[in-house]
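Below is one structure, written out as structure tokens; the observations come after it.
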Amino acid sequence: MRFGPVPLTDALGAVLAHSMKLPDGTLKKGVVLTSADLQRLAKAGTPTVVTARLDTDDVPEDGAAQRVAQALAGAGVEIGAAVTGRVNLYALGAGLMLLDAARIHAANRVHEGLTIATLHPDTPVGDGQMLATVKIIPYAVPVAALAEVVRVLSSPDAVQVALWKGLRVGLVLTQTATTAASVRAKMRRAVLDRLTPLAATLV
């Protein structure tokens with residue numbers, strides 16, 4: 001990938017590196033510059049722009065992030081949409097997040113332009129909670145680096161959610177002759193508050 005300032009005459013098809021405010025609106029970072037974009041820039045009196053131009057062996061950020069997320073996600077995990085080189089992973093239900101931390105660390109060591117961040121292993125999670133994020137830091141990564149990350153993460157799945165089984169639970173409370181009903185109710189509520197996040201039912 002080639003990165004740096006270029007004259008407008010050389011910017012067609014390149015990726016805009018920084019958002020630019022123009023009199024008729026904003027050109028957002030990451031847009032692939034078209035002839036119309038260059039005409040807007042020229043009209044605004046901007047002779048050069050900072051761009052990134054991908055080489056033939058580069059994979060664009062959104063596609064690369066999506067491929068890593070697909071290799072990362074396992075059972076009970078939903079993959080979000082790729083936006084500016086980032087893809088988030090979410091829990092498909094309440095449960096326990098299972099994580100192969102060694103493989104995550106190994107994937108993060110492959111290339112400085114690609115990173116994965118996650119919750120801690122064995123974290124209880126709620127339905128829809130974000131579990132992990134994949135981020136491509138530059139505008140693309142080399143195809144060889146992406147292939148190695150996918151290889152490291154693939155089979156078995158590195159991030160999973162083991163859904164709670166929703167057990168039916170019985171509760172036995174003992175009391176003395178002087179135990180107040182309010183104490184029993186408070187104890188029952190404390191147990192119920194622990195069971196509810198685990199999808200368990202107090203019967």
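The values are calculated or read from the model by the stated rules, or taken from the named source; none is laboratory data. Since the structure is predicted, the reported quantities are computational estimates derived from the model, not experimental observations. Every residue, glycine as well, gets a Cβ built from its backbone with ideal geometry; the counts of neighbours run over all protein chains shown. Protein only, heavy atoms only, side chains kept; ligands, DNA and RNA dropped before computing areas. Shrake-Rupley method; radii C 1.70, N 1.55, O 1.52, S 1.80 Å.
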Exactly one of 163, 171, 198, 167 is open to solvent by 60 Å² or more (accessible area, probe 1.4 Å) and in contact with a Gly (Cβ under 7 Å, 6 or more places away or on another chain), and that residue is 163
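For the structure I just gave you, tell me whether residue 30 is at pLDDT below 95 and either of a type in the set (D, E, K, R) or surrounded by 14 or more Cβ atoms within 10 Å (Cβ to Cβ) (or both).
Numbers: at pLDDT below 95: yes; either of a type in the set (D, E, K, R) or surrounded by 14 or more Cβ atoms within 10 Å (Cβ to Cβ) (or both): yes.
Judged against the criteria, residue 30 is a match.
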Condition check for residue 36: of a type in the set (A, V, I, L, M, F, W, C) and surrounded by fewer than 11 Cβ atoms within 10 Å (Cβ to Cβ):
yes
Open item on the list: Being among the hydrophobic types (A, V, I, L, M, F, W, C), within 30 Å of residue 119 (Cα to Cα) and open to solvent by 20 Å² or more (accessible area, probe 1.4 Å): is that true of residue 89 here?
Closed with: no
With respect to residue 106, determine if the residue is of a type in the set (A, V, I, L, M), exposed (fewer than 13 other Cβ atoms within 10 Å of the Cβ), modelled with pLDDT of 95 or more and farther than 21 Å from residue 78 by Cβ.
-> no
Expected single match for in contact with a helix residue (DSSP H, G or I) (Cβ under 8 Å, 6 or more places away or on another chain) and hydroxyl-bearing (Ser, Thr, Tyr) among 84, 9, 56 is 84
Checking 69, 101, 107 in turn, the sole residue that is hydrophobic (A, V, I, L, M, F, W, C), touching a helix residue (DSSP H, G or I) at 6+ places or on another chain (Cβ under 6 Å) and under 20 Å from residue 130 (Cβ atoms) turns out to be 107
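Out of 94, 101, 82, 71, I need the residue that is within 17 Å of residue 158 (Cβ to Cβ) and crowded, with 16+ Cβ neighbours inside 10 Å. Which one? If you could, list the steps in order and put the result at the bottom.
Values: 94 fails: within 17 Å of residue 158 (Cβ to Cβ); 101 fails: crowded, with 16+ Cβ neighbours inside 10 Å; 82 fails: within 17 Å of residue 158 (Cβ to Cβ).
Checking each option against the conditions leaves just 71.
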Restricting attention to region 80-96, the residues that are at pLDDT below 95 and assigned to a strand (DSSP E or B) number exactly 1
For residue 124, state whether it is open to solvent by 60 Å² or more (accessible area, probe 1.4 Å) and either of a type in the set (A, V, I, L, M) or in contact with a strand residue (DSSP E or B) (Cβ under 8 Å, 6 or more places away or on another chain) (or both). yes
